[in-house]
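Worksheet: the structure to be examined is printed underneath.
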Amino acid sequence: LGADLIGFHTYSYVKHFLDSIRRTLGFENSYGEITANDRLVKVDSFPMGIDYKKFSSAANDAKVKKEISRIRKNVGDKKIVLSIDRLDYTKGMPQRLEAFDSFLDKYPEFKEKVTYILVAVPSRTKVEDYRLLKKQVDELVGKINGNHGTFGWVPIWYIYSSLQFHTLAALYNLAEAAIVTPIRDGMNLIAKEFIASKGDFKGTLILSETAGVAEELGEAVIVNPSDKEEIVNAIHDA
C-alpha cells in the first residue's frame, strides 16, 4: 500500500487483494480505489500479453516452414499433442504425464496414432529439489515409452532444452492439441502463443482452471490440473 498504483494479471486477483485489505486492515474500497489513511491507492488488472503478430505470421517464415517439414517428416501422420514448460513444480508435469499414460491405457485405439511432444526447459538446475523433479519426469517418460512404445513409434518425444523461435513456432503450428495444465500459474503465455500461432489451422487448447489465462481464454477445454481422469477425457476430446 506504499504504492500509488498496484497491478495484477486478472480481475479475480484484484478482487482477492481488495478483500484481503478490507479484512486485515479494515480499509474499504470503491471501484478499485483504496482509501489508506490519507492516501488514495488505485488497484487494477493489467493482463500480460504477447507479440501477436510475431506468432501469427511465423508460419510464413522460410526458416519456420523448413522446420515444420522436418518435424512432420519425423513424426509422420501422427497427431501431435504438445506441452512446453519450465521444469518447475508449479507446472504439473508429472501429473500430466500420468494422465497421458492413462489416456493410452483407456483409449488403446490411439496407440501409434498420437505423439506427445514434451518440452521441458531447464530451470534452477543446481537446486536439489529440481534435480529430483527432473529425475521423476525422466523416469515417467521412460516408463510410458517402455510400456506403450512399439517398433517405429515412441509415444513421448522428450526435449529437455530451450528452443529457438523457429522450432517453437513450428511446434505450435503443427500441434493438434496443446496441454497447459500448471498446478498454479499467475498468467501463462504459452497458451496465448499457441492460439496466436494456429492462424487458419485447427487446434485445441487444454487449459488448467488455476492458470490466470483461463479467465481470458474461456473457449479452451478447461480442466482441474489435479484430476487425472478429467485430463484424460480432455485429451480424447481434443
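The values are calculated or read from the model by the stated rules, or taken from the named source; none is laboratory data. Small disclaimer: the values here were computed from a predicted structure and weren't measured. Virtual Cβ from ideal backbone geometry, glycine too; neighbours counted across all protein chains shown. Surface areas here come from the heavy atoms of the whole protein model, side chains and all, with no ligands, DNA or RNA. Shrake-Rupley method; radii C 1.70, N 1.55, O 1.52, S 1.80 Å.
Quick look at the values:
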read-out: Sites excluded, trypsin sites (Lys or Arg not before Pro) in DSSP loops with at most 15 other C-beta within 10 Å, longest stretch of the chain; value: 1-110
read-out: Value at 222 nm in deg cm²/dmol, rounded to 500, when DSSP H runs of n ≥ 4 in the chain each add -39,500 (n - 2.57); value: -13000 deg cm²/dmol
read-out: Between helix 165-174 and the chain: long-axis angle, C-alpha atoms, 0 to 90°, nearest 10; value: 70 degrees
read-out: Cross-link pairs beyond the 32 Å C-alpha cut-off, checked among K79/K135; K78/K228; K53/K135; value: K53/K135
read-out: For G76, net neighbour charge (Lys/Arg +1, Asp/Glu -1) across residues whose Cβ lies under 11 Å away; value: +3
read-out: Å² of accessible area per residue within the chain, as computed with a 1.4 Å probe and no ligands counted; value: 53 Å²
read-out: Over region 71-119, relative contact order from alpha-carbon pairs under 8 Å, at least 6 apart, %; value: 64 percent
read-out: Computed P(r) (all Cα pairs; region 49-104; 10 Å bins; percent); value: 17, 31, 37, 15
read-out: GNM result for the chain, Cα springs below 10 Å: residue of L133, L171, L104 fluctuating most strongly; value: L133
read-out: Cβ-based charge dipole, the chain, positive-most Cα from F27, T181, V137; value: V137
read-out: Fraction of accessible area attributable to carbon and sulfur, the chain (%, probe 1.4 Å); value: 52 percent
read-out: Span from the region 1-58 Cα centroid across to the region 69-118 one, whole angstrom; value: 37 Å
read-out: Given charges at beta-carbon only (K, R positive; D, E negative), |dipole| of the chain in Debye; value: 980 debye
read-out: Residues with amide H under 5 Å from that of T115, placed H, sequence gap 5 or more; value: K79, I80, V81
read-out: Eligible lysines near K15 by straight Cα distance, threshold 19 Å, same-chain separation 8 or greater; value: K42
read-out: Globularity index of the chain, i.e. its alpha-carbon radius of gyration over 2.2 N^0.38 Å; value: 1.16
read-out: Chymotrypsin sites (Phe, Trp or Tyr not before Pro) restricted to DSSP loop in region 1-59 with at most 10 other C-beta within 10 Å; value: Y31
read-out: Top of A62, A211, A169 by mean-square fluctuation, Gaussian network on the chain, Cα under 10 Å; value: A62
read-out: For region 169-238: rounded, prolate or oblate by the Cα gyration tensor [a/c cutoff 1.5]; value: oblate
read-out: Stretch in the chain that is longest and holds no GluC sites (Glu not before Pro) that DSSP places in a loop and that have at most 12 other beta carbons within 10 Å; value: 29-218
